[in-house]
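Read the structure below first, then the notes.
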Amino acid sequence: MVKLKPYLQEFLKSELRRNLASKRNIIGVILLPLLEKRPIDVPPFIPKGPEYIQFTLPFTKDKNIRGDLWISPINQEMFERYLEWHFKQLFYHYMNDKVRYTHSFKRNILQFCADHDFTMTFINYEMLKKDFYRERIRKKTGKSLPLSVPGLSPGYSGLFNSLN
């Protein structure tokens, strides 16, 4: 189980298109390297609540997924950062591409939500519109979203830097 913001849970489900992880999708590439053997001093527990998302892990010879694995709080934060960065990059690219042709922010934002199965329960039009406007302003001033995830080493997907 991974702790994520509700709109990121919806986005992740949309990316997976089913409740299964693969070594080739976002779960296998980013989450599998973050799994660690649970330390002895950390008691085993199964978190419950709406802030957690559950999915099956792909079988891999490198890690015993049936073993006592866990995701440390730092790795949880790193995974959430990656998903949020990925979501924003996808949204900004989608909007920049579509707005050139249709010149309608509202239609494109609603179409983005429809394409990615957002129910508008945890994410709304106004939030996305404000975020897109802010990104356009940041882009003009040269302070746009970085091209890589902060804290994630661009050279190797299994190597994570400190979050500080």
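Just so it is clear, none of the values below were taken in a lab; they were calculated from the coordinates. No experiment lies behind these values; they were computed from the predicted model shown. Here the Cβ positions follow ideal geometry from the backbone for every residue, glycine too, while neighbour counts run over all protein chains shown.
List the pairs from 3/130; 88/129; 5/130; 5/106; 13/37 whose alpha-carbon separation is above 22 Å, in the order I gave them.
Result: 3/130; 5/106; 13/37 exceed 22 Å.
Using the scaling law 2.2 N^0.38 Å as the reference, what is the normalised Cα Rg of region 87-141?
This ratio for region 87-141 stands at 1.07.
Mind listing which trypsin sites (Lys or Arg not before Pro) in region 66-102 are in a DSSP loop and have 15 or fewer other Cβ atoms within 10 Å?
Taking region 66-102 and a limit of 15 other Cβ atoms within 10 Å, the loop trypsin sites (Lys or Arg not before Pro) found are 66.
Treating the beta-carbon of each Lys and Arg as +1 and of each Asp and Glu as -1, no other charges, what is the dipole magnitude of region 87-141 about its Cα centre, to the nearest 20 debye?
Magnitude of the dipole: close to 400 debye.
Using the count of nearby Cβ atoms within 10 Å as a rough guide to exposure, how do 125, 94 rank from fewest to most?
125, 94
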